[in-house]
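The values are calculated or read from the model by the stated rules, or taken from the named source; none is laboratory data. Small disclaimer: the values here were computed from a predicted structure and weren't measured. Methodologically, a virtual Cβ is constructed for each residue, glycine included, from the backbone with ideal geometry; neighbour enumeration extends over all protein chains shown. When the accessible area is computed, the model is the full protein with side chains, heavy atoms only, and any ligands, DNA or RNA have been set aside. Shrake-Rupley method; radii C 1.70, N 1.55, O 1.52, S 1.80 Å.
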Amino acid sequence: MAKWEGKAHAKLAGCAAEQVWPLLQDFFGLDKWFPTLTTCLPVEGVSGQPGCVRFCAGFKTPVDSSDKGAMNWTKQKLLSIDPNEMVFSYSIEEGNVGFDSYVATVKVLPEELGCAIEWKYEVKPVEGWRLEDLDFFIGSGLQVMARRMEAALQLFQASIDQ
């Protein structure tokens, strides 16, 4: 069975890649940026070191039904990280949202007027989902992350400028 593959892209205006990377590489801090994610806790290892594992819970997905009641959760493992290239890869090891063999690579790309975040992913087809649902979930989540990071960095810059 072929894997689903997708890619999301979000631009951050006026934010240098070197400013955005530290926010992204904080593997245990995803709940600061990803929408509806209420919990991101260390399970093992040191944040930013390959092999570390985070527990993420409370996020909403496009296929959630209101009667489901159970909280969505996943355990995610950092596979590799390269601060010089501003890229990391992670996998979903366990969870209750049906993602099997999910691997993602997240990269910060310098651009002329700021930077962009690229999120590539592959996963075995997920029961009850369409690829479009996954594209929307990752894509819309990444757009919110980018806006939150932009706002945080603008606030930080404003505090320095005073």
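Annotations
- Residue in the range 114-126 that is more than 26 Å from Lys3 (Cα to Cα) and not hydroxyl-bearing (Ser, Thr, Tyr) present: yes
Condition check ((1) among the polar types (S, T, N, Q); (2) out of contact with any strand residue (DSSP E or B) (no Cβ under 8 Å at 6 or more places or on another chain); (3) at pLDDT 95 or above) across all residues:
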site: Pro50; (1), (2), (3): no, no, yes
site: Gly58; (1), (2), (3): no, no, no
site: Ser65; (1), (2), (3): yes, yes, no
site: Cys115; (1), (2), (3): no, no, yes
site: Glu118; (1), (2), (3): no, no, yes
site: Phe136; (1), (2), (3): no, yes, no
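- Residue match in the range 123-143 (condition: in contact with an Asp or Glu (Cβ under 8 Å, 6 or more places away or on another chain) and either buried (at least 17 other Cβ atoms within 10 Å of the Cβ) or among the acidic types (Asp, Glu) (or both)): yes
- Of the residues making up the range 80-98, those that are open to solvent by 30 Å² or more (accessible area, probe 1.4 Å) and within 18 Å of Leu134 (Cα to Cα) are Glu93, Glu94, Gly95, Asn96, Gly98.
- Condition broken by Gly48, with the remaining ones in (1) within 24 Å of Cys15 (Cβ to Cβ); (2) touching a helix residue (DSSP H, G or I) at 6+ places or on another chain (Cβ under 8 Å); (3) open to solvent by 40 Å² or more (accessible area, probe 1.4 Å) satisfied: (3)
- Residues of the range 144-156 include none that is under 18 Å from Val20 (Cα atoms), in contact with a His (Cβ under 9 Å, 6 or more places away or on another chain) and not polar (S, T, N, Q).
- Near pairs, Cβ below 6 angstrom, 6+ apart or cross-chain, from the range 140-162 (within 23 Å of Lys107 (Cβ to Cβ)) to any residue that is open to solvent by 50 Å² or more (accessible area, probe 1.4 Å): Leu153/Gln19
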